[in-house]
Amino acid sequence: MAPNAGYVVTGACRANPPPGGGVQVWNRMEAVDHDGTIRARYGKAHLVPFGEYLPFGDWLPVRQISVGAIDLSPGPGPETIVLPGLPGFAPLVCYEAIFPDEILGHAHRPDWLLNMTNDAWYGRSSGPYQHFAISRPRAIEQGLPLVRVANNGISGVVDAAGRVLARTGLDAVTYADIALPEAGPPTLYGRAGDWLFLVLLIIGLASVVIRRRRSAD
């Protein structure tokens with residue numbers, strides 16, 4: 001499927017079977033070139049509790065809600081993937097796109113965000129629409145375009161200002177052929193992260209305390 005000098009970026013489960021320290025399985029995004037060579041891979045770091053791993057599994061008398069006998073292993077965390085001929089992108093698997101402070105690494109700012117997810121398990125509900133809506137603000141926060149590919153869900157392209165340039169319907173079998181929007185400059189949130197919210201919270205609380213003291217006087 002990959003064209004010459006192009007790539008297919010897809011999801012895959014990768015395993016580390018024995019011998020080698022026990023069985024480990026990762027939920028991964030992989031870029032494959034036209035020769036079938038895996039040129040880059042990213043392991044999902046923020047796993048779904050009770051779906052991809054069981055918190056305190058040795059003590060809780062419960063089972064995972066998804067099929068699987070072992071917990072998935074987390075990847076190392078946010079990173080930027082750079083492939084020849086392709087602007088560098090930050091990979092986001094499934095609901096990793098809903099966590100504002102966990103989508104970018106610190107080594108290299110990407111040119112765009114790529115969110116791949118399988119939303120089929122939501123069924124025909126509000127879930128896929130909510131997932132798309134919650135992912136969209138990441139483009140605005142970081143000043144980076146977002147390309148979202150959702151199996152059975154809502155796929156789309158969002159520019160760095162949060163405008164939806166292309167969007168599919170639920171369960172639609174289609175594609176979008178659209179130029180990748182340009183990245184904007186680093187935003188204030190992109191530089192400060194959630195510390196910005198903490199500073200604003202402290203300022204807000206301080207103004208309330210000062211006003212109450214003045215009223216008391």
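The values are calculated or read from the model by the stated rules, or taken from the named source; none is laboratory data. Computed from a predicted structure; not experimentally measured. When we count neighbours, we look across all protein chains shown, and the Cβ atoms used for this are built from the backbone with ideal geometry, even at glycine.
Considering the range 162-179 alone, what residues qualify as being small (Gly, Ala, Ser) and surrounded by 12 or more Cβ atoms within 10 Å (Cβ to Cβ)?
Gly162, Ala166, Ala172, Ala176 - these are the residues of the range 162-179 that are small (Gly, Ala, Ser) and surrounded by 12 or more Cβ atoms within 10 Å (Cβ to Cβ).
Among the residues of the range 1-21 satisfying the criterion of being surrounded by fewer than 10 Cβ atoms within 10 Å (Cβ to Cβ) and over 15 Å from Pro84 (Cβ atoms), which is modelled with the highest pLDDT?
Applying the filter and picking the extreme gives Met1.
Could you list, in sequence order, all residues of the range 93-103 that are closer than 18 Å to Glu30 by Cα and in a loop (DSSP other than H, G, I, E, B)?
Ile103, the sole residue that qualifies.
Given the criterion loosely packed, with under 15 Cβ neighbours inside 10 Å and among the acidic types (Asp, Glu), identify the matching residue among Asp111, Asp101, Asp119, Asp159.
The unique qualifying residue is Asp101.
Of a type in the set (Ser, Thr, Tyr) and surrounded by fewer than 15 Cβ atoms within 10 Å (Cβ to Cβ) - does that describe any residue in the range 131-147?
no
Could you tell me how many of the residues in the range 58-97 are at pLDDT below 80 and in contact with a Lys or Arg (Cβ under 9 Å, 6 or more places away or on another chain)?
0
Considering only residues that are of a type outside the set (D, E, K, R) and out of contact with any Gly (no Cβ under 8 Å at 6 or more places or on another chain), which ones fall in the range 154-164?
Matches in the range 154-164: Ser155, Gly156, Val157, Val158, Gly162.
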